[in-house]
Amino acid sequence: MFLAPLCSQVKIHERLEINPRVERLKRTEALSTVLSLKFSYNWRSSSPARIEVTGPCGEYAVVEGTGSRQNGATIVATISPASIGTYLITMGTIPESPPDLCGEAYAVQDEFGRTLMSEESGPYWCRIDRPSQYVFQYPTGFDLNVWRDTVAYAGTDSLLGEDTPLNLSWVAERFDSCTPRRWLDSDSVTVQIVEGVEFGQFLFFDAESDEFSRGTRAVVGPFDHISLIYLPDGSPPGLTGGKVTLEASALGLVSRKSFIVRDEAECVRILPARLVLSPGDTTLLAFKRINSDGTESDFPPGQRFDVMILSGDDKGMLLSPTGEAATELTGSEAPIRYIAPAVIVGDSITVSIVASASRMQSAAVRFKMLANGVKPPAVFDGASFTTSRRDFGSRIAVRAVEACTQTTVMVRQESVLDHFAVWVSPDTIEHSQSTTITVVAQDLSNREISIYGNTVMTFTTDKPEYGSFSQSAYSTYALARAGGVVFVADRQNPVGLDPQRVVVTVTGAAKSGSGRMNVMGVLEYTHFTQGDSIWADSLYDNSKTERISGKGCALTAIAMVMKAFGVDVDPGSLNKWMKGKDGFDGLNVKWWSIDGFAGNNKVEYRGQEAYGIGYDKTTRRIIIPQPINLTDMDVHLNKGLPIIAQVLNPTTNNAHWVLVSSKRNGEYNILDPGGYSNRTTLSGAYKNSVYRFILYEQK
Amino acid sequence: MWKLAVITLTIFQTLETAHPQEKVHMGLTSSDNVHFVVTDPSGRRAGRDPRGAASRAEGIEIGGIPNAHYAFESVGDIPDSNETPNPIYYHEFAYTFGSPQGDGLYKIEMIGIESSRFDFYISVDPASGSARQRCRFVLKGAVIEQDSMLTYHLLYNGALDTPIHFKKIALPSTLRQDLSAAYKLNLLGDKKLFDELNNQLDKFERTLTKGKEDSVKARKELEEFEKKIDKEREETTKHEQRGQKDKRFLAADAYEILKEDISLLRRQFPDKQGR
């Protein structure tokens with residue numbers, strides 16, 4: 001009994017890569033293949049028979065069997081071919097058997113049961129002493145298979161910084177002897193562009209010159225590491241593209257395949273649904289086509305994408321709709337999701353993702369050695385190597401590497417103090433009022449986190465001239481979190497200025513945060529009424545009959561304005577002064593007369609707006625114009641300045657004057673010289689209707 | 001009948017010189033039976049004109065002077081009182097200007113909303129209230145007919161010792177207009193007296209159309225008109241002293257108005273010596 005040599009296992013390492021320098025496009029797969037050939041001998045005889053096979057590397061098998069004239073018999077010799085070459089098969093009945101009528105058949109099958117060779121003869125008298133001899137040449141064919149039939153002319157690859165958008169490369173271990181069974185040193189594959197030479201050329205390493213060469217014909221080998229790059233550097237015609245035919249030859253065998261190069265370069269914009277994720281989060285990646293004119297459009301349904309995380313396995317995974325999770329997805333339809341790593345080192349990481357439409361990764365070519373032109377059992381689809389076990393390890397991948405888009409997603413650590421959120425409530429206060437400051441520790445995702453309660457917090461403002469903190473400038477986080485810090489606008493009163501924006505900055509644990517508030521100027525008014533008994537019966541102006549109680553609403557309003565600015569005056573004393581200093585024209589107050597009031601260096605008349613309520617003597621009807629837009633007063637009121645406004649008194653149906661002191665929460669607050677206790681806003685009896693107003697401001 | 005109808009033409013105060021860039025408040029206030037239009041030294045106009053307006057009381061707004069504001073003013077609301085309110089309405093022109101930039105001649109054209117008597121208050125106050133030129137004029141009981149116009153000039157100069165003038169611009173038509181208004185407002189009666197005075201004004205105006213030589217004659221006719229009203233006023237006074245009331249009379253207010261017109265007109269005509 002002969003034993004087959006220990007070379008029945010072949011390990012072929014295949015790699016598909018675009019460029020050895022670009023790690024992201026590397027794909028490695030180990031392939032173990034057990035090859036076997038079955039040599040069968042069938043005969044019809046009662047005599048025993050034997051089959052003996054001898055291979056070029058000493059492969060040997062012999063099998064004997066008992067015959068049957070009635071039913072015939074078959075014996076099978078199985079070997080593991082260690083190499084390509086000529087196999088000698090000798091078969092026939094054993095000489096010691098009696099002569100008999102024989103018929104015989106011979107066949108060679110591979111391990112999948114496919115018949116590689118067969119021959120049949122008989123019936124005839126068995127040749128006891130003259131066994132049949134056959135020669136079987138293995139392998140018998142060479143196939144060049146193109147994975148896809150179209151590649152894109154992509155122009156300059158901006159991402160990779162090279163002008164090599166299309167690569168052909170493969171790595172295979174060579175057969176150097178009968179043990180192990182590899183390609184021989186002398187074996188090489190010649191690949192030649194026989195059609196469409198104007199559309200591109202090869203870039204390959206020339207072993208003889210020991211440098212890279214360009215050309216339309218490349219001799220690649222030995223097969224220890226071969227890189228053959230196809231450069232589609234000639235712009236193909238329009239959308240129809242240019243046909244390129246490659247011819248590969250090895251071991252005296254020839255095969256051709258073609259593909260199309262098209263000028264359809266395009267970019268893909270990646271649109272993550274979320275740009276900032278927490279560890280373990282998932283976000284959907286949407287894709288938009290960037291057209292050559294810069295516009296964007298949707299991809300057609302069913303479009304496949306190649307998506308890859310650029311740097312490292314610790315950057316998370318991509319998830320295809322079929323459930324495949326990998327750092328690189330090839331030819332996947334949408335929706336594609338990005339899954340952030342569950343754990344990251346440090347506070348945050350930035351993940352770069354690139355994508356291209358799949359047709360830009362378009363063609364692959366493989367060499368396949370077949371016996372006598374028999375087709376392989378399954379289509380080699382480029383995604384699975386399971387049916388390529390019969391390959392002898394040579395393979396060319398063609399790939400366009402156009403990928404002009406890239407996006408970044410940030411994965412941020414949770415539960416790490418990033419900043420403080422500072423809430424100021426209320427966020428608008430008047431001078432002398434206070435507001436509560438609440439401080440919340442937050443992570444990068446603005447989620448509240450717990451920190452040590454005794455963490456020392458420092459409070460500062462950018463405008464200390466307007467207020468101070470009720471606590472000292474230092475507090476604990478626990479107190480600040482509980483709203484225990486109060487800002488009091490107890491310093492300058494910004495009357496006459498727009499609301500002052502005050503920024504509160506909180507610092508603690510080497511982090512900070514800020515909040516904002518507005519401090520508004522406000523005057524403190526004394527509410528005078530014209531009916532106050534102190535002056536109600538004083539004669540108004542130089543009239544001998546009219547009294548302040550009846551005519552003094554405007555006078556009283558002016559007195560309130562002056563008093564608020566710090567002028568020592570009341571309606572009685574103001575009336576007296578105005579009598580002597582031309583403060584009236586007729587019974588009409590001169591709004592500006594107070595500018596000359598003795599001791600008044602604080603407030604002055606600023607102007608007036610609108611026509612006001614009048615009277616038509618001919619019809620004896622009051623003339624009520626359209627009310628003004630109340631917001632016309634806001635600029636003045638927001639500075640804390642007073643306005644004397646003319647309203648229509650529903651009680652008397654006469655024009656009346658009130659002091660508008662402020663606007664808060666949409667309401668205009670008033671001080672009514674008439675003394676109506678329930679009239680504190682314009683919205684009540686006065687129906688938010690003002691017909692004229694007088695402005696005052698500080699000198 | 002107004003017993004104390006007087007035309008007061010008073011320079012209330014004239015004090016120190018104006019400060020450069022001094023802010024000055026000008027206030028013109030009229031009773032609400034007239035509107036008025038102010039023309040500033042630059043020729044810009046502001047105010048209201050009742051003529052042709054849909055509502056004569058509201059008039060047609062003219063707003064061509066920046067920082068000037070013309071508005072209704074009212075005094076007299078009586079909150080929390082059982083008294084019947086007796087509001088008084090005014091028309092007020094408020095203008096704040098810088099002196100001396102805004103100094104100069106202001107023309108004020110009073111236009112009657114109705115035939116009536118009116119008051120007019122003029123005040124010009126430096127904002128500082130002291131040590132500046134300031135003035136105040138009060139015109140009380142003037143008469144005006146509906147849609148007729150009386151013109152006044154206010155010359156303001158904030159400089160030291162510079163007189164501030166306010167004067168009525170009197171024309172022959174002004175005299176006739178005031179005569180007519182006095183008659184309509186029952187300050188003059190009866191119709192016969194009105195016609196007599198009117199005829200005298202006719203003579204006066206006819207002589208005016210004949211050149212310089214006749215201006216002397218026109219002055220004589222004006223003086224004749226003056227003699228007539230002097231005589232009528234003297235007669236009316238006698239009746240008043242006796243407590244009698246004659247239907248032929250000339251009230252004191254009307255007499256004062258006409259006398260002022262005559263005085264202003266007389267200065268415009270040469271006397272016998274051609275002065």
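The values are calculated or read from the model by the stated rules, or taken from the named source; none is laboratory data. Source: prediction; values computed, not measured. Heads up, the Cβs are rebuilt from the backbone with ideal geometry, glycines too, and the neighbour counts pull from every protein chain shown.
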Legend entry - Every residue from region A:420-473 that is closer than 30 Å to A:ILE349 by Cβ and among the hydroxyl-bearing types (Ser, Thr, Tyr): A:SER445, A:SER450, A:TYR452, A:THR455
Inset, instruction - Sort out which residues of region B:38-72 are more than 21 Å from B:SER123 (Cβ to Cβ), within 13 Å of chain A (Cβ to nearest Cβ) and without any contact (Cβ under 8 Å) to a residue 24 or more places away in the chain, and write them in order of number. - result: B:ALA53, B:ALA54, B:SER55, B:GLU58, B:ILE60, B:GLU61, B:GLY63
Legend entry - Given (1) outside any strand (DSSP E or B); (2) modelled with pLDDT of 85 or more; (3) polar (S, T, N, Q), index of the condition B:THR84 fails: (2)
Inset, instruction - Working carefully through the options A:THR408, A:THR436, find the one that is at pLDDT 75 or above, over 36 Å from the mean Cα position of the chain (by Cα) and surrounded by fewer than 16 Cβ atoms within 10 Å (Cβ to Cβ). - result: A:THR436
Legend entry - Unmet criterion (only one of (1) closer than 18 Å to A:VAL409 by Cα; (2) aromatic (Phe, Trp, Tyr); (3) in contact with a helix residue (DSSP H, G or I) (Cβ under 8 Å, 6 or more places away or on another chain)) for A:PHE305: (1)
Legend entry - Set A:ALA554, A:ALA610, A:ALA564, A:ALA598: member being surrounded by 24 or more Cβ atoms within 10 Å (Cβ to Cβ) and among the aliphatic types (A, V, I, L, M): A:ALA554
Inset, instruction - Could you check B:ASP103 against (1) of a type outside the set (Lys, Arg); (2) more than 23 Å from B:GLU61 (Cβ to Cβ); (3) within 11 Å of chain A (Cβ to nearest Cβ) and say which number it fails? - result: (3)
Legend entry - Number of positions in region A:580-590 that are at the interface with chain B (Cβ under 7 Å from one of its Cβ atoms) and at pLDDT 85 or above: 1
Inset, instruction - Considering only region A:675-691, state which residues are out of contact with any strand residue (DSSP E or B) (no Cβ under 8 Å at 6 or more places or on another chain) and among the hydroxyl-bearing types (Ser, Thr, Tyr). - result: A:TYR676, A:SER677
Inset, instruction - With the checklist (1) in a strand (DSSP E or B); (2) in contact with a His (Cβ under 9 Å, 6 or more places away or on another chain); (3) more than 8 Å from chain B (Cβ to nearest Cβ) in hand, flag the one item A:GLY640 doesn't pass. - result: (1)
Inset, instruction - Kindly indicate the residue of region A:439-453 that is small (Gly, Ala, Ser) and under 21 Å from A:GLY484 (Cβ atoms) and also surrounded by the fewest Cβ atoms within 10 Å (Cβ to Cβ) among those meeting that condition. - result: A:SER450
Inset, instruction - Check region A:668-689 and report whether any residue there is closer than 22 Å to B:PHE93 by Cα and in contact with a Phe, Trp or Tyr (Cβ under 9 Å, 6 or more places away or on another chain). - result: no
Inset, instruction - Would you check if there is a residue in region A:510-527 being free of Cβ contacts under 8 Å to residues at least 24 places away in the same chain and in the same structural domain as A:VAL424 (by TED's automatic domain parsing)? - result: yes
Inset, instruction - From A:ILE694, A:ILE670, grab the single residue that is in contact with a strand residue (DSSP E or B) (Cβ under 8 Å, 6 or more places away or on another chain), surrounded by 20 or more Cβ atoms within 10 Å (Cβ to Cβ) and more than 14 Å from A:ALA559 (Cα to Cα). - result: A:ILE670
Legend entry - Count - residues of region A:645-676 that are more than 7 Å from chain B (Cβ to nearest Cβ) and among the aromatic types (Phe, Trp, Tyr): 2
Legend entry - Top-ranked residue of region A:594-610 - restricted to ones that are within 8 Å of chain B (Cβ to nearest Cβ), of a type outside the set (Asp, Glu) and in contact with a strand residue (DSSP E or B) (Cβ under 7 Å, 6 or more places away or on another chain), ranked as farthest from B:VAL124 (Cα to Cα): A:ALA610
Inset, instruction - Could you run through region B:150-186 and say how many residues are buried (at least 19 other Cβ atoms within 10 Å of the Cβ) and hydrophobic (A, V, I, L, M, F, W, C)? - result: 10
Legend entry - Sole exception among (1) modelled with pLDDT under 90; (2) crowded, with 20+ Cβ neighbours inside 10 Å; (3) among the aliphatic types (A, V, I, L, M) for B:ALA94, by number: (1)
